[in-house]
């Protein structure tokens, strides 16, 4: 099958969050399974050009209709760690992708509306005929709309679209100017409730809603998050739209890249280890303690790795530090705050706890250190308010670092409680789960984990090794996507 991925990110060349990892990991696994995959990306000035091999002109004269004129673009092709990627560069006074950033501009809606239009124009002009176009998040939500309403009448009637929502929070709310710019026009048509009109603002269009309405298949990044999107407020106002289209909506769990995240091959850790020589993990703990000036003791080491923001349950992250110390455990935090107030809060804690030999707070992000913490810690806390999929707990499992998670989103699909899970056999259980958002719920789960570590070290070791045996690679998610692609390929619009 010939699949084209269109996205605003692809790790490691363009990475602002988990989206980039997913686009790269899924593309590589689809290729491993014998499919032809190409990616179309914006050509940002600030992307990591050192990760692109053999970049060359692929299509010099791409003219993209825009408002009443056309914008001249160049399309470059290069290989990102083996993946064939096309990068669209717009020669326009708007400087759509020469901003020194990926997101965060006042005209992001127009920037990505243009990218969506240019990607389709490139496919049409270069006579590429993919079986499936796979788009991601609000940035590409207009692609299904334009394909169905315009491009299918210009030689693209056989293309089918799978649309994946990674985060419902950002939906691409825009106005009439996007219709004018892209040539969709006809506001009286698109501002209908069953088309692209925002569900709660009759004067706004919603790109993500357009993606849901017009795609042949819609996915989100875990089965439980799909259920949450249909039945709870996590859909950020798109519940009714998903309900109408639930026949084509499902959750497919993300995977992680085992070539990058695996303790047997990890280049960032001093001691590689497997389930067979699990005791080697302890040397990484020793190395981390030396690096961060922590006491070398028999205490369990608990970690938090991730953003510090409301989504990640930052109040519980804060409480976890002090509860760990209260329970005679050590705590290491690695994370960057997304708001100044949260940064100040944790900077204060870092200063306050600076002389404590059992805690280390590292504000910011450090790739190498994150690998060492995963390899060193005994447990990792993931107390998220919501978590569409979550990679932290999957990486923790792979490194034999027992996850303590809140039972939401993809965390439910990957972590099965040691004491209380009745859906999985004792051999399949791999962590500790709590459900409420209060301190007591967190304390209960952390307490059970610390007690198991202290009172039954052999059982704790077995639990960690069971986690390492979980296959959260891209193999099964890619197979699920191939099944979706095959289904929509054989359906008429």
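The values are calculated or read from the model by the stated rules, or taken from the named source; none is laboratory data. The structure displayed is predicted, hence computed values, not measured ones. Neighbour counts are summed over all protein chains in view; Cβ atoms, including those assigned to glycine, are modelled from backbone coordinates with ideal geometry.
Given the condition assigned to a helix (DSSP H, G or I), more than 19 Å from residue 374 (Cβ to Cβ), without any contact (Cβ under 8 Å) to a residue 40 or more places away in the chain and in the same structural domain as residue 451 (by TED's automatic domain parsing), answer yes or no: does some residue in region 296-311 qualify? Scanning region 296-311 turns up no residue that is assigned to a helix (DSSP H, G or I), more than 19 Å from residue 374 (Cβ to Cβ), without any contact (Cβ under 8 Å) to a residue 40 or more places away in the chain and in the same structural domain as residue 451 (by TED's automatic domain parsing). None of 343, 360 is farther than 24 Å from residue 437 by Cα and either assigned to a loop (DSSP other than H, G, I, E, B) or touching a strand residue (DSSP E or B) at 6+ places or on another chain (Cβ under 6 Å) (or both) except 360. Reported count of residues in region 82-101, each being in a loop (DSSP other than H, G, I, E, B), over 23 Å from the mean Cα position of the chain (by Cα) and surrounded by 19 or more Cβ atoms within 10 Å (Cβ to Cβ), is 1. Scanning region 33-57 for residues that are touching a residue at least 40 places away in the same chain (Cβ under 8 Å) and either in a strand (DSSP E or B) or under 20 Å from residue 259 (Cβ atoms) (or both) yields 33, 35, 37, 38, 39, 40, 41, 42.
Selection within region 422-431: residues that are free of Cβ contacts under 8 Å to residues at least 40 places away in the same chain and crowded, with 17+ Cβ neighbours inside 10 Å. The member of this set that is farthest from residue 315 (Cα to Cα) is 429.
The set of residues from region 432-442 being touching a residue at least 60 places away in the same chain (Cβ under 8 Å) and crowded, with 18+ Cβ neighbours inside 10 Å comprises just one member, 442. Count of region 198-232 residues, restricted to those that are part of a loop (DSSP other than H, G, I, E, B) and within 20 Å of residue 109 (Cα to Cα), is 8.
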